[in-house]
Amino acid sequence: MEAGGAAVGPIRPTAVEIDLAALADNARAIAGLAATSLCAVVKADAYGHGAPGVATALEAAGAVASFAVSLVEEGVQLRDAGVRAPVLVMGPSQRGGYAEMRARDLTPVVSDAGDLDELARVGPRALHLKVDTGMGRLGVPVADAAAVAARARALGLELAGVMTHLASADTDDPGEPGCQTWRQLDAFAGVVAAVRALAPAALRHAANSSGTMLFPSARLDLVRVGRALYGNGAWPADAALATPRRQAMRFVTHVAQLRHVAVGDHVGYGALWTATRPTRCAVLPVGYADGLPRRVTGTGAVVIGGRRCPLVGAVSMDIALADVTALPGVALGDEAVLLGAGAGPHGEDTITTAELAAWSGLTPYEVTCGISKRVPRVYR
Ligand SMILES: *Cc1c(COP(=O)(O)O)cnc(C)c1O
């Protein structure tokens, strides 16, 4: 600590709590179901859960075999946190980062044959080759995969894996043989045969969460799971899990002020809400700068004392308001749950990521990724 300075601990009681036991249980349940190697996707700061905290806990629990991130910088962050398991770097724009990847033992995903020369010159030896079977985003074309694999081999590189990414596994019907996911998996099978002729040990992988949960034959040698690991979303295969998956994230704040609003009075920017009965409002020290989407204005709710209370008025940068008229005993400092489970004298209730996403017109991914760095992550 610097002379004259004092460390300021959290004063504003707004935090994200990560249930590490839930994460480890989810990982074990998914790995058991998939019966293959589980690669935990922790890109984008583990979808907002905090990558160092999540990855070190999963590694310590022995719950996953490897990790995947998008950026070289994200891989370096995991190594700095002490993560020792294999780390796959999946995103584009790795050029200029290969020497660092070699130094930090990170495994590149190559999506472009033009990267091979630099990789062979300064990078790690082992790579995973990504093939575009229909996502239309990253990966070498199906028709080029065998030639790119041969070129990698000729340069002395090791093809440790061959992968593709599914575009529509979350919306496709697995019972529909012509759906995009089955077409992608068919195309990938052809690629795998060609690549494995050169590198028989190359790990084959295609499945994200929805691929893993809905398309068993997509599980192959490894599954890359993000969303399901964090306990966001539900799939029919959940019913087969030994332990139910749990949402790992709670987003909480506490009542900072209580106010009476008279009939006809308004609250918040734009006077978007008007009291039609004598109302008690709780002022919550959380806003869109923390990642409570402004678009929950008029639709959202929080759980206080175990009961759902509607958010009223516009969500602003630092403040949101809840109508707590129906909660007689509400007091300053009471916990208000924006995401996750809340319990109290009035019962218990849970706000799921999918629910908050639906209120705000976002995806569950955007909800957790959108919780800003201003909110401390607390690990339990
Ligand atoms: C993000 C990502 C995943 C994980 O997707 P989820 O839907 O969160 O399971 C898997 N593979 C790739 C290539 C990704 O970019």
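Only the Cβ atoms of Lys and Arg (+1) and of Asp and Glu (-1) were treated as charged; on that basis the dipole of the chain about its Cα centre amounts to roughly 220 debye.
Surface exposure of the chain, expressed per residue as accessible area with a 1.4 Å probe, stands at 42 Å². Between 264, 305, 123, the residue with the greatest mean-square fluctuation in the GNM of the chain (Cα pairs under 10 Å linked by springs) is 264.
Under a Gaussian network description of the chain, with springs only between Cα atoms under 10 Å, the residue in 258, 272, 71 that fluctuates furthest is 272. Overall, the anisotropy analysis places the stretch 132-242 in the prolate class: the square-rooted eigenvalues a ≥ b ≥ c of its C-alpha gyration tensor yield a/c not less than 1.5, with a/b exceeding b/c.
Considering only 275, 203, 241, the residue lying farthest towards the positive end of the dipole of the chain is 203, judged by Cα position with unit charges set on Cβ.
Take the Cβ-Cβ distance between residue 35 and residue 12 as r, set R0 to 35 Å, and report the resulting FRET efficiency rounded to the nearest 0.05.
0.20
Each Cα pair under 8 Å and six or more residues apart adds its separation to the average, and for the stretch 20-233 the resulting relative contact order is 19 percent.
At 0.36 nm per residue, and after removing the present C-alpha to C-alpha distance, how many nm does the segment from residue 343 to residue 299 gain when stretched out fully?
Numbers: separation 44, 0.36 × 44 = 15.84 nm, distance 2.14 nm.
Value of the extension gain: 13.7 nm.
Computed from Cα positions, the angle between helix 51-60 and the longest principal axis of the chain comes to roughly 70 degrees. Surface composition of the chain: carbon plus sulfur atoms hold 56% of the accessible area, using a 1.4 angstrom probe and ignoring ligands, DNA and RNA. As I understand it, the value is the acute angle between the Cα axis of helix 145-154 and the longest principal axis of the Cα atoms of the chain; what does it come to in degrees, rounded to 10? Computed tilt is about 70 degrees. Reducing the stretch 73-133 and the stretch 325-348 to their Cα centroids gives an inter-centroid distance of 46 Å. Normalising the average separation of contacting C-alpha pairs (under 8 angstrom, six or more residues apart) by the number of residues puts the relative contact order of the stretch 229-380 at 24 percent. When only the Cβ of Lys, Arg, Asp and Glu is charged (+1, +1, -1, -1), the dipole of the stretch 4-155 relative to its Cα centre reaches about 300 debye.
Simple spin-label estimate for residue 85 and residue 269 gives 4.1 nm between the two label positions (7 Å along the Cα-to-Cβ direction from each Cα).
Please compute the alpha carbon radius of gyration of the chain, then divide it by the globular-protein estimate 2.2 N^0.38 Å. Two decimals is fine.
Numbers: Rg = 23.7 Å, N = 380, 2.2 N^0.38 = 21.0 Å.
Taking N as the residue count of the chain, the ratio is 1.13.
Any idea what angle helix 180-198 forms with the longest principal axis of the chain, computed on alpha-carbon atoms, 0 to 90 degrees, nearest 10? Once rounded, the angle reads 40 degrees.
Largest first, the three principal axis extents of the alpha carbons in the stretch 20-233 are 45, 45, 26 Å in whole numbers. Taking every alpha-carbon pair under 8 Å whose residues sit at least 6 apart, the chain reaches a relative contact order of 17 percent.
When the chain is treated as a GNM with alpha-carbon contacts under 10 Å, the residue of 41, 192, 223 showing the greatest mean-square fluctuation is 192.
Residues of the stretch 70-112 with an amide N closer than 20 Å to a point placed 7 Å from the Cα of residue 373 along the Cα-to-Cβ direction: 70-82.
DSSP beta bridges confined to the chain are antiparallel in about 55 percent of cases. Helices in the chain, meaning DSSP H runs of at least 4 residues, each add -39500 (n - 2.57). Divided by all residues, the mean residue ellipticity at 222 nm is -7500 deg cm²/dmol.
The values are calculated or read from the model by the stated rules, or taken from the named source; none is laboratory data. Only a predicted model underlies this, so the values are computations on that prediction, with no experimental measurement involved. No Cβ is skipped: glycine too gets one built from the backbone with ideal geometry, and neighbour counts run over all protein chains shown. Calculation scope for accessible area: heavy atoms of the full protein, side chains included, ligands and nucleic acids excluded. Shrake-Rupley method; radii C 1.70, N 1.55, O 1.52, S 1.80 Å.
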